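Asks: I'd like to ask you about the structure that follows.
The values are calculated or read from the model by the stated rules, or taken from the named source; none is laboratory data. These numbers were taken from a predicted model, which means no experiment stands behind them. Glycine gets a Cβ as well: all are built from the backbone with ideal geometry, and neighbour counts include every protein chain shown. When the accessible area is computed, the model is the full protein with side chains, heavy atoms only, and any ligands, DNA or RNA have been set aside. Shrake-Rupley method; radii C 1.70, N 1.55, O 1.52, S 1.80 Å.
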Amino acid sequence: MTMLATADVMSFDPSYQEPAIIREVGSDSAFSVFPAPERRWKAVAPVPPQGDDESSDLSALSSLTDFIVRVLEPHRAVSAELAERAKATKAVYQAYLARIETLKSDASLDGFSMNKASECDFWSFIKSSPYVKKGRLVLMDNGNLRATWKDETGNHIGLQFLGNGSIQYVIFRHRPNGRVSRVAGCDTLKGIERQIQAFDLKPLLYA
Amino acid sequence: MTDDPLPNEDHIVRYVKPSSIDDGEVDGSEFRLRPHRPDETGVSVNWLEYYRDQDKAAQLSEIRRVYRLSRKKNGRFAELNVGAVCSHVAAELEEIGVMHSSLDAKEGFEADPSHSEITGLPPGDSDQAALIGDLIAECIIALHPAFDE
């Protein structure tokens, strides 16, 4: 909080006086990420070009601007990126909700129902990571949900949510040498995450 | 009924229900044996070139006409090439084949002479069946409407 407060009070105002707390803490304090502006500028600002007094003043101002942008903008950039990711995740969840409702409706017309435990396992998996990408979702004849993700190179992950905390997986991994690794099995949710990591397929599933 | 393998250059179609299709892609689970039907010897398909003297639209129309199971408007007939299926899957399952298996008329249904089966498949609830199903689904080359338009 002290760091942010310090950053907020930095300004272009030549008559700026740093808060007393900063002066008291001193340059060796753990909170002096933004130490006394005057001293910091001398430490990191580029050497201004030689010239008259007015041009030197403008160069110093530009340097302060650069310093503030480098310090402040990364925070804004991170916040903006997090907001975009949260929006994308919400859109994925809403798409899945709509798809599941459609599948339930189709199932009831065909005289069977979605396995509730499978649906719970599906959501547990989707919510285990905040940045899971939207995959394709189908309802199998046994009432279980199955999700698949594919990319343009033929890499493929298929997950059937069995409803007992287990997931049946199918993985196709295309290697740079032209070979394809194909595996299938059953594992827990955590085990599936390890499988995906082992096959270096996290980008297929996670943004 | 005959058990002759279909020529590699020929094509088959399989009806897939709407809940097995998402974003225009058919899920591989449509190509597994049904665990609750141990008497099944293969996954049912229809042989397009059985009606060799007709164009594809007419072949599909004839298959739709005698198709016995219920279909939904949003379902599709998925088309695959016989040779592509066998060669693509052979790396994982040598026994796979596509065999002609025509159905005689019975109980209010006309004969279905183009009926065939994808044979040699593992038990439907096995992990290998899941893998083979996804491999077969990779061979789909077109989706056709469930009903004549």
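Asks: Return the equivalent ellipsoid semi-axes of region A:134-206 as a descending list in whole Å, where each equals the square root of 5 times an eigenvalue of the C-alpha gyration tensor.
Replies: On the way: eigenvalues 91, 36, 22 Å².
After scaling each eigenvalue by five and taking roots: 21, 13, 11 Å.
Asks: According to a simple spin-label model (label point 7 Å from Cα along Cα-to-Cβ), what is the distance in nm between A:K133 and A:E81?
Replies: Using points 7 Å along Cα→Cβ, the separation is 1.8 nm.
Asks: What number comes out for the charge environment of B:R71, summing +1 per Lys or Arg and -1 per Asp or Glu over other residues with Cβ under 9 Å away? Present the calculation step by step, with values, prior to reporting the outcome.
Replies: Values: positive: B:K17, B:R64, B:K72, B:K73; negative: none.
Local charge sum for B:R71: +4.
Asks: Round to a whole angstrom and tell me the spacing of the C-alpha centers of region B:46-91 and region A:115-171.
Replies: Here the answer is 29 Å between Cα centres.
Asks: If you don't mind, another one. Which is farthest toward the positive dipole end of region A:65-150 among A:W149, A:T102, A:H75, measuring Cα position about the Cα centre, with Cβ charges +1 (Lys, Arg) and -1 (Asp, Glu)?
Replies: The Cα lying farthest towards the positive end belongs to A:H75.
Asks: To continue, here is another question. Using the 2.2 N^0.38 Å rule of thumb for compact globular proteins, work out how chain B stacks up: its C-alpha Rg over that value, please. Write down the numbers at each step before the final one.
Replies: On the way: Rg = 14.4 Å, N = 149, 2.2 N^0.38 = 14.7 Å.
Cα Rg divided by the expected 2.2 N^0.38 Å: 0.98.
Asks: Now, a different point. Over region B:1-84, what relative contact order in percent results from Cα pairs under 8 Å that are six or more residues apart?
Replies: Numbers: 85 pairs, mean separation 45.7, N = 84.
Relative contact order here is 54 percent.
Asks: Using r as the Cβ-Cβ distance of A:S124 and B:Q128, and R0 as 25 Å, what FRET efficiency do you calculate, to the nearest 0.05?
Replies: Working from the Cβ atoms, E equals 0.45.
Asks: Report, in listed order, any pair from A:K87/B:K17; A:K87/B:K73; A:K133/A:K190; A:K190/B:K17; A:K87/A:K134; A:K116/A:K202 with a Cα-Cα distance greater than 25 Å.
Replies: On the way: A:K87/B:K17 32 Å; A:K87/B:K73 34 Å; A:K133/A:K190 18 Å; A:K190/B:K17 32 Å; A:K87/A:K134 13 Å; A:K116/A:K202 27 Å.
Going by Cα-Cα distance, A:K87/B:K17; A:K87/B:K73; A:K190/B:K17; A:K116/A:K202 fall outside the 25 Å limit.
Asks: Once you've got the GNM for chain B with C-alpha springs shorter than 10 Å, pick whichever of B:P35, B:P113, B:P123 has the biggest mean-square fluctuation.
Replies: Per the Cα network of chain B with a 10 Å cutoff, B:P35 tops the list.
Asks: If one takes the accessible area of chain A alone plus chain B alone and subtracts that of the pair, with a 1.4 Å probe, what total in Å², rounded to the nearest 100, results?
Replies: Numbers: alone 13030 and 8130 Å², together 19130 Å².
So the buried area, both faces added, is about 2000 Å².
Asks: To the nearest 0.05, what FRET efficiency results for A:C186 and A:A91 with a Förster distance of 30 Å applied to their C-beta separation?
Replies: Values: r = 31 Å, r/R0 = 1.02.
Efficiency computed from Cβ-Cβ geometry: 0.45.
Asks: Compare each residue of region B:116-148 in its chain alone against the assembly with all protein chains, and report those whose accessible area goes down by 40 Å² or more; 1.4 Å probe, heavy atoms.
Replies: B:D127, B:L131, B:D134, B:E138
Asks: Which number comes out as Rg/Rh for region A:65-207 once both Rg and the Kirkwood Rh are worked out on C-alpha atoms?
Replies: Working: Rg = 18.4 Å, Rh = 16.9 Å.
Radius of gyration relative to Kirkwood radius: 1.09.
Asks: I would also like to ask the following. Once you have the Cα-Cα distance between B:D55 and B:A90, take 0.36 nm times their residue separation minus that, and quote the gain in nm to one decimal.
Replies: Working: separation 35, 0.36 × 35 = 12.60 nm, distance 2.99 nm.
Using 0.36 nm per residue and subtracting the Cα-Cα distance, I get 9.6 nm.
Asks: Among residues other than A:Y169 whose Cβ falls under 9 Å from its Cβ, what is the net charge (Lys/Arg +1, Asp/Glu -1)? Before the final figure, lay out the partial values.
Replies: Values: positive: none; negative: A:D187, B:D127.
Spelling it out: positives minus negatives among the neighbours equals -2.
Asks: State the volume of the convex hull built on the alpha-carbon positions of region B:57-98, expressed per residue in Å³ and rounded to an integer. Walk me through the numbers before you get to the answer.
Replies: Details: hull volume 4.9 nm³, N = 42.
So the per-residue Cα hull volume is 117 Å³.
Asks: Report the net charge of residues surrounding A:S181, where surrounding means a beta-carbon distance below 13 angstrom and charges are Lys +1, Arg +1, Asp -1, Glu -1.
Replies: Numbers: positive: A:R173, A:R175, A:R179, A:R182; negative: A:D200, B:E92.
Cβ neighbours under 13 Å give a net charge of +2.
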